[in-house]
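The block underneath contains the structure these notes are about, expressed in structure tokens.
The values are calculated or read from the model by the stated rules, or taken from the named source; none is laboratory data. These numbers come from a predicted model, not from an experiment. Cβ atoms come from the backbone with ideal geometry, glycine included; neighbour counts cover every protein chain shown. Heads up: the accessible areas ignore ligands, DNA and RNA and are worked out on the full protein's heavy atoms, side chains in. Shrake-Rupley method; radii C 1.70, N 1.55, O 1.52, S 1.80 Å.
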Amino acid sequence: ARTGLPLRRKAGIRTIEWGRNPGTDVDLTLVVNGLPVFARGGNWPTLDKTLDFRHAAERYHRALLLAKEANVNVMRFWGGYAKELDVFYDLCDRMGILVLHDFPVANSVQADDVDREVYSRQVRTLIRQLRPRACLAAWMGGNELRQCEVVGSAMDDLTALGGEIAGEEDPGRRYFASSYLLRAGLTDEYE
């Protein structure tokens, strides 16, 4: 049914690629819409661990505005928390802040104790909810998962599973096994 009001929708087109860092064999240079971007990043652990989301939109806006004013253009979403409210991603989309999103696994997790079926459902749900977002630059297996680099370890198997799911659910987006590897300049990707 027509309301007589014109439909208005903001839209933007962006592509994200990962180019070679000059003088290296590592592809960690963000290329947005064909232009290399100097990534000035921050870490987003979540505003309120108590899950008190009253006035969340205003609080997200203020925090992200402060980040933007500090010239932050890339935010790593911490793996100890599943996801933020949609308004967080809406604001990142609008402000042009790219998000490197950890899966909900942090360094304190004992990989042997992780229920793979529950983990798979969580990761698939997260990807399906967030993959349409323009702000989403990459998926990461989790927060500082140092054991993921030990071949055959439980954490290596868990991050490999995360990479397989990311490849199935969002094949055009890059996956890093851990934010630890990203910081170290290693890629250790699963394709």
Scope the range 14-47; condition touching a Pro at 6+ places or on another chain (Cβ under 8 Å) and within 14 Å of residue 73 (Cα to Cα); matching residues: 29, 30
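In contact (Cβ under 8 Å) with a residue 60 or more places away in the chain and in a loop (DSSP other than H, G, I, E, B), is that true of residue 152? Walk me through how you get there before you give the answer.
Working: in contact (Cβ under 8 Å) with a residue 60 or more places away in the chain: no; in a loop (DSSP other than H, G, I, E, B): yes.
When the stated conditions are applied, residue 152 does not pass them.
From the list 99, 72, exactly one residue is more than 22 Å from residue 172 (Cα to Cα), modelled with pLDDT of 95 or more and touching a strand residue (DSSP E or B) at 6+ places or on another chain (Cβ under 6 Å). Which is it? Write out each step before concluding.
Working: 99 fails: more than 22 Å from residue 172 (Cα to Cα).
Only one candidate passes the filter, namely 72.
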Considering only the range 118-141, I want to know if a residue exists there that is open to solvent by 10 Å² or more (accessible area, probe 1.4 Å), at pLDDT below 90 and hydrophobic (A, V, I, L, M, F, W, C). no
